[in-house]
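The values are calculated or read from the model by the stated rules, or taken from the named source; none is laboratory data. All figures in this text were calculated on a predicted structure; none of them were measured in a lab. Cβ atoms come from the backbone with ideal geometry, glycine included; neighbour counts cover every protein chain shown.
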Amino acid sequence: MATFKVETELHGELNCWRITSDRAELLIAQQGAQILSYQRVGEPPLLWLSDQAIFTKGKSVRAGVPVCWPWFGNLQRNPAAVQGMYRGKQAPAHGLARTRDWQLLGIEEAGNTLRIEFELPEAQGELPDWPHDVELKLSAVMGDALELSLISRNRGNSPVTISQALHSYFAVSDVRQVRVEGVEGLNYIETLADWEQRQQQGALTFTAETDRIYLNTPERLSIVDPHWNRRITLSSGGSRSAVIWNPWTDRARELPDMADDGWQRMLCIETANVWNDVVELQPGACSVLTVSIGSGVI
Ligand code: TA6
């Protein structure tokens, strides 16, 4: 039976929990309920933590799994129903959840798994300029895989429409050597070419800056990394869209929290509800967005 050790740590200004078992190690911050790193024993890290990450309050860390909620990316690029939920003028990129402190609800061991659960109490009507009563929880279960679930429940009297993503940064040996399988033949929105809709031919490989929204995604996507002889698998639930991002050379140089060559070692595949895949929550309804992250040899 696995045993888990739980320690609290301060990284810069951020309260974190480090959870270690004989099989894996996870670091999670209270701000954003953000996983910062995840590594299995005997393997390179599965999730990427930038060498130049900045751990300050009010800023999402360039690492792990930021939670984008209740909208993804630039609010102006979201469907009108998502935009209409926000009453403010300046809408921060990727929503309101990733830069706020969440509350730890509990850490619970059951057999070979450990579950850590957080809630964002402000989502129940207290978020600035987003006056909707939604219960928002994130749970992370460490077991054979790492399973993340983002649960939104509408406690109010009118429908609420959101877009969202588990904006996962994966660690790779060299992004120029890996491929993403599961996207073959899918339509995608090329955000770098005026948001034109295109069709993916074959598996996705990387030769330039990439920022795409894949549509009608299957349940399973994988990153095949021949240098590390590793296949990372993402099994999702409650999602029919995924964002795939790598900033490449010029964009990486512009990011203060990424080394100039940091783009080579990371790849974002974001389990999402974006574009025409947003979530409309009727009063009393609940949505669960999940991703289970596992790995094996190729
Ligand atoms: O998910 C892709 C994306 O929206 C990109 O356009 C890129 O800007 C990235 O997220 C990171 O956003 P951030 O606000 O964390 O710098």
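Residues in segment 62-84 that are surrounded by fewer than 20 Cβ atoms within 10 Å (Cβ to Cβ) and not small (Gly, Ala, Ser): 74, 76, 77, 79, 83. Can you say whether residue 77 is within 16 Å of the ligand (Cβ to nearest atom) and of a type in the set (D, E, K, R), as far as the supplied structure shows? Criteria met by residue 77.
In segment 110-126, the residue that is farthest from the ligand (Cβ to nearest atom) out of those that are in a strand (DSSP E or B) and surrounded by fewer than 18 Cβ atoms within 10 Å (Cβ to Cβ) is 110. Within segment 259-272, the set of residues being near the ligand (Cβ under 10 Å from one of its atoms) and within 13 Å of residue 209 (Cβ to Cβ) comprises just one member, 268. Residue count for segment 83-109 under the criterion of being of a type in the set (A, V, I, L, M) and either within 16 Å of the ligand (Cβ to nearest atom) or in a helix (DSSP H, G or I) (or both): the result is 4. Within the option set 203, 193, 145, 208, being surrounded by fewer than 22 Cβ atoms within 10 Å (Cβ to Cβ) and without any contact (Cβ under 8 Å) to a residue 12 or more places away in the chain holds for one residue only, 193.
Kindly indicate which of 251, 240 is charged (D, E, K, R), within 16 Å of the ligand (Cβ to nearest atom) and closer than 25 Å to residue 215 by Cα. Selected residue: 251, the only one of 251, 240 that is charged (D, E, K, R), within 16 Å of the ligand (Cβ to nearest atom) and closer than 25 Å to residue 215 by Cα.
The rows are residues; the columns are (1) within 16 Å of the ligand (Cβ to nearest atom); (2) closer than 12 Å to residue 267 by Cβ; (3) aliphatic (A, V, I, L, M).
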{"position": "160", "(1), (2), (3)": "no, no, yes"}
{"position": "169", "(1), (2), (3)": "yes, yes, no"}
{"position": "174", "(1), (2), (3)": "no, yes, no"}
{"position": "179", "(1), (2), (3)": "no, yes, no"}
{"position": "185", "(1), (2), (3)": "no, no, no"}
{"position": "194", "(1), (2), (3)": "yes, no, no"}
{"position": "207", "(1), (2), (3)": "no, no, no"}
{"position": "214", "(1), (2), (3)": "yes, no, no"}
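Among the residues of segment 127-148, the one identified as within 21 Å of the chain's Cα centre (by Cα), closer than 22 Å to residue 167 by Cβ and outside any strand (DSSP E or B) is 145. With a requirement of 3 or more residues that are modelled with pLDDT of 95 or more and within 18 Å of residue 234 (Cα to Cα), the strands (runs of 3 or more DSSP E) lying completely within segment 8-82 that satisfy it span 34-40.
Only one of the listed residues (228, 275) is in contact with a strand residue (DSSP E or B) (Cβ under 8 Å, 6 or more places away or on another chain) and either within 14 Å of the ligand (Cβ to nearest atom) or under 23 Å from residue 36 (Cα atoms) (or both). That residue is 275. When 92, 131 are checked against the criterion of being in contact (Cβ under 8 Å) with a residue 40 or more places away in the chain and surrounded by fewer than 19 Cβ atoms within 10 Å (Cβ to Cβ), a single residue qualifies: 131.
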